[in-house]
1. Can you tell me which residues in region 31-50 are more than 19 Å from ILE66 (Cα to Cα) and either in contact (Cβ under 8 Å) with a residue 24 or more places away in the chain or under 17 Å from the mean Cα position of the chain (by Cα) (or both)?
2. Could you check, for region 122-136, whether at least one of its residues is at pLDDT 85 or above and open to solvent by less than 40 Å² (accessible area, probe 1.4 Å)?
3. Can you pull out the helices (runs of 4 or more DSSP H) entirely within region 1-111 that have at least 3 residues that are surrounded by fewer than 16 Cβ atoms within 10 Å (Cβ to Cβ) and at pLDDT below 90?
4. Tell me which residues, restricted to region 51-98, are touching a Ser or Thr at 6+ places or on another chain (Cβ under 9 Å) and on the phi > 0 side of the Ramachandran plot.
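The values are calculated or read from the model by the stated rules, or taken from the named source; none is laboratory data. In this text the structure is predicted, and so the values were computed from the model without any measurement. Because the Cβ atoms are built from the backbone with ideal geometry, glycine has one as well, and the counts that use them run over all protein chains shown. Only protein heavy atoms, including side chains, enter the accessible area calculation; ligands, DNA and RNA are left aside. Shrake-Rupley method; radii C 1.70, N 1.55, O 1.52, S 1.80 Å.
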Amino acid sequence: QRIGKVIENTLNLARIKPPIVKPEVINDIVAQALRFLKTSVSQRNISVETSFADDLPLIGVEAKQIEQVILNLIQNAIDSSPENSTIKISTCIHEDLKAKNPASSSKVAVVILDRGPGISPEQMKHLFEPFHTTKLGGTGLGLALSKQIMDKHRAEIRIEPAVGGGTIARLIFSVHQFNNGDK
């Protein structure tokens, strides 16, 4: 019972507040996250290649929360990448072929690709569960919190094995129409 109470208290501390949504440029959010991780990248002798699409539509997000998700995913990529490898980070338009309304089929995506060992099918089953981790010293909260943030933004987080080895993490955001008064 005591362990259950500790877990409940930890989860209560980790609850994410509803986002205060504003129109944001996803490329700026990704660039800011990368600035925070410069030291981690250089310490591991890993290079980062970026490819940001120009003129992407604005997305409605709370920038600090999405930055936290991106920081977590890039840090996971750094942690799983071998020295002298490359992490690729891109932004692009993502066409949702399953969208019922053609006007809502265009979305904005952030894609993070690493060439680490990848994720086993067994690990995939537990990917977003709190306290489930394969990292030495990890808490297992990073992906669980990231999923919670993305859900509150009505956005998607997808993690899948990459062809040729490694992992691809995708964040997919709906494009929002903003009134001229929105800032």
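1. Across region 31-50, the qualifying residues are SER40, VAL41, ARG44, ASN45, ILE46, SER47, VAL48, GLU49.
2. no
3. Counting at least 3 such residues, we get 2-14, 38-43.
4. ASN84
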